Amino acid sequence: MSVNVHKVTEEELEEQKKYEKRVISVLEKRYEEKPLACVVTYGCQQNVADSEKIKGMLKDMGYAFTEDRQSAKLVIFNTCAVREHAEDRVFGNVGALKKYKLANPDVIIALCGCMMQQKHIAKKIEESFPFVDLVFGTHVVHRLPELLYKALTRRKRVFELPDLDGVIAEGIPVVRDSDSKAWLPIMYGCNNFCTYCVVPYVRGRERSREVSDIEREFRELVDSGYREITLLGQNVNSYGKDLNPSVSFAQLLKRLASMDGDFRIRFMTSHPKDCTKELIDVMASCDKVAKHLHLPFQSGNNRVLKAMNRSYTREHYLSLIDYAKKTVGEALSITSDVIVGFPGETREEFEDTLSLVRELGAISLFTFIYSKRVGTPAAEMDDPVSYDEKSKWIQELIALQEEISAQQLSTQKGKTFKGYVFGKGKLGKNYLAARTDGNLIIEFEGGERLIGTFQNITVTEPLTYVLKGEIQKQ
Ligand code: SAH
Ligand code: SF4
């Protein structure tokens, strides 16, 4: 695959800094107080990370933030295209702002993210949502100052949707949603073209950030007190294949885990076809790598996996899980993604998914009914099973997983975990909530000063979704 990835240059970033100054001057003339911006994010953590950059740039341009759309002078919807349901929500929410925009013509309504990279969606926005001022795609987020300046000063609507293989922009400011937990994208895009999935079409080709850029950002995060850092990519296991010299994800993880400081590293998502024993070994041997493997299998049937273009078999998937359970041991917790009702999937094939779920012993599952995506190969496949029937299947799957999750939680009684205390709990007034290495939530009684620290907590009572525990006195 010949790929043309553009690394944004210093000059281009300088150019955007100039636009930032111009936006500041427009805003100062237009508003007496700091204008408010509302950034609404749909979809995956990559979108959350993009929104954090959008907020970083907006802050530098003089905006303050609000959650209330109808008091904002700028509303940006960062959209998700993975399933139809997510798209419908965006249309509904944008439509709901029409009155507000018509009553307040100085307000800017902007749409960005994966949905916008689809031509039929951009066309629909152009034709049916004339009150939307600015539409920009996933490859031009770093040009927000320029695009916003145009939207603020021109009478025309601004559409900027280049169809590129992808860009990498370093040095964009970030306003993070949490001050203890951070998302750190290590790569962008996807080359896998699973037949149901729109991501490779809207996010471009796989491209890895340089190790030095990741290490620098990681160091800054640890130094400023972030204790849980999640490395992000559509398929982190193919990290570094495009770098020269190439670096494996396992090597990157090991380097980050060897840095000084009190932190824990998570990562997602791992594609089973590229998940290596080396990666599992690093998870097992590095204390700072969380013992949590999110390894989506999508289906438990080999014919369906082939039709999905997943490039692994049920047996290969289970052999990886087996290796991980043996190597990482009891501490390992597994989560996964499953699609129910892929076109042509039969009842018998779905039962293979149920049996895989029984063998897997995941702590939780993300389950989805197949959603037809325009332009993907699966959209052309025969899909004879009704939506009602698929809904029954998914209910069966969810009920099975609930049993397994409850059983998994029940075995935790008496165990002691190092938990990161991330906030207040829900079980009672004095309760705090901590996340374990394996991504389980334990609630325990304790003072708020413990928030933001790691504590050893012993499980006293497994409840339905959380564990109840007691802090160990040091
Ligand atoms: N890159 C990740 C997944 C990104 S999308 C991976 O390969 O694991 C997150 C999840 O959404 C997928 O794992 C899949 O289970 C689900 N998904 C993607 N496209 C879908 C579709 N068209 N219909 C239903 N679920 C879908
Ligand atoms: Fe979509 Fe497959 Fe890429 Fe994941 S690996 S983003 S499911 S194409």
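The values are calculated or read from the model by the stated rules, or taken from the named source; none is laboratory data. Bear in mind that the values here come from a model prediction, so they are computed numbers and not experimental data. Cβ atoms come from the backbone with ideal geometry, glycine included; neighbour counts cover every protein chain shown.
Which one is farthest from the chain's Cα centre (by Cα), of the residues in the range 320-362 that are free of Cβ contacts under 8 Å to residues at least 24 places away in the same chain and surrounded by 14 or more Cβ atoms within 10 Å (Cβ to Cβ)?
So the residue we want is GLU351.
If you go through the range 213-224 one residue at a time, do you hit one that is surrounded by fewer than 19 Cβ atoms within 10 Å (Cβ to Cβ), hydrophobic (A, V, I, L, M, F, W, C) and either within 16 Å of ligand 1 (Cβ to nearest atom) or within 26 Å of GLY137 (Cβ to Cβ) (or both)?
For the range 213-224, residues surrounded by fewer than 19 Cβ atoms within 10 Å (Cβ to Cβ), hydrophobic (A, V, I, L, M, F, W, C) and either within 16 Å of ligand 1 (Cβ to nearest atom) or within 26 Å of GLY137 (Cβ to Cβ) (or both): absent.
Exactly one condition in (1) away from ligand 2 (no atom under 16 Å from the Cβ); (2) within 29 Å of LYS181 (Cβ to Cβ); (3) assigned to a helix (DSSP H, G or I) is not met by PHE77; state its number.
Against the list (1) away from ligand 2 (no atom under 16 Å from the Cβ); (2) within 29 Å of LYS181 (Cβ to Cβ); (3) assigned to a helix (DSSP H, G or I), PHE77 comes up short only on (3).
Are any residues in the range 1-36 free of Cβ contacts under 8 Å to residues at least 60 places away in the same chain and assigned to a loop (DSSP other than H, G, I, E, B), and if so, which ones?
Residues satisfying the conditions are SER2, THR9, TYR31, GLU32, GLU33, LYS34, PRO35.
I need the full set of residues from the range 423-474 which are part of a strand (DSSP E or B) and of a type in the set (Val, Ile, Thr), in order please.
Residues satisfying the conditions are THR436, ILE441, ILE442, ILE457, THR458, VAL459, THR460, ILE471.
Looking at the range 298-316, I want the residues that are within 11 Å of ASP352 (Cα to Cα) and have a partner that is of a type in the set (S, T, N, Q) and part of a helix (DSSP H, G or I) with Cβ atoms under 7 Å, at least 6 apart or on another chain. Which pairs are those?
SER299/THR353; GLY300/THR353; GLY300/SER355; ASN301/THR353; ARG314/ASN302
Can you find a residue in the range 37-53 that is outside any helix (DSSP H, G or I), surrounded by 15 or more Cβ atoms within 10 Å (Cβ to Cβ) and out of contact with any helix residue (DSSP H, G or I) (no Cβ under 8 Å at 6 or more places or on another chain)?
Yes: the range 37-53 contains one or more residues that are outside any helix (DSSP H, G or I), surrounded by 15 or more Cβ atoms within 10 Å (Cβ to Cβ) and out of contact with any helix residue (DSSP H, G or I) (no Cβ under 8 Å at 6 or more places or on another chain).
Please go through (1) touching a Ser or Thr at 6+ places or on another chain (Cβ under 6 Å); (2) surrounded by fewer than 19 Cβ atoms within 10 Å (Cβ to Cβ) for GLY419 and return the number of the only condition it doesn't satisfy.
Among (1) touching a Ser or Thr at 6+ places or on another chain (Cβ under 6 Å); (2) surrounded by fewer than 19 Cβ atoms within 10 Å (Cβ to Cβ), GLY419 violates only (2).
Right, VAL135: farther than 30 Å from ARG266 by Cα and not charged (D, E, K, R) or not?
yes
What residue, among those in the range 422-452 that are within 24 Å of ILE334 (Cα to Cα) and among the aromatic types (Phe, Trp, Tyr), is modelled with the lowest pLDDT?
Filtering the range 422-452 for residues that are within 24 Å of ILE334 (Cα to Cα) and among the aromatic types (Phe, Trp, Tyr), the one modelled with the lowest pLDDT comes out as PHE422.
Is it true that GLY43 is in contact with a Leu (Cβ under 8 Å, 6 or more places away or on another chain) and on the phi > 0 side of the Ramachandran plot?
The answer is no for GLY43.
Can we say TYR317 is within 16 Å of ligand 2 (Cβ to nearest atom), more than 14 Å from CYS194 (Cα to Cα) and not in a loop (DSSP other than H, G, I, E, B)?
Answer is yes for this residue.
Collect the residues in the range 271-298 that are within 12 Å of ligand 2 (Cβ to nearest atom) and polar (S, T, N, Q), keeping them in residue-number order.
GLN298
Report yes if some residue within the range 238-252 is within 16 Å of ligand 1 (Cβ to nearest atom) and either of a type in the set (S, T, N, Q) or at positive phi (or both); otherwise report no.
Yes, that holds for at least one residue.
Could you tell me whether any residue of the range 198-206 is buried (at least 18 other Cβ atoms within 10 Å of the Cβ) and farther than 27 Å from ALA378 by Cβ?
Within the range 198-206, none of the residues are buried (at least 18 other Cβ atoms within 10 Å of the Cβ) and farther than 27 Å from ALA378 by Cβ.
If you scan the range 160-203, which residues turn out to be within 14 Å of ligand 1 (Cβ to nearest atom) and within 28 Å of LYS254 (Cβ to Cβ)?
Answer for the range 160-203, where residues must be within 14 Å of ligand 1 (Cβ to nearest atom) and within 28 Å of LYS254 (Cβ to Cβ): PRO185, ILE186, MET187, TYR188, GLY189, CYS190, ASN191, ASN192, VAL199, ARG203.
Within the range 400-418, can you find the residues that are under 27 Å from the mean Cα position of the chain (by Cα) and touching a residue at least 40 places away in the same chain (Cβ under 8 Å)?
LEU400, GLN401, ILE404, SER405, ALA406, GLN408, LEU409, PHE417, listed by residue number.
Just give me the residues in the range 142-194 being without any contact (Cβ under 8 Å) to a residue 12 or more places away in the chain and within 16 Å of ligand 2 (Cβ to nearest atom), in sequence order.
Once the filter is applied, which keeps residues that are without any contact (Cβ under 8 Å) to a residue 12 or more places away in the chain and within 16 Å of ligand 2 (Cβ to nearest atom), the range 142-194 yields nothing.
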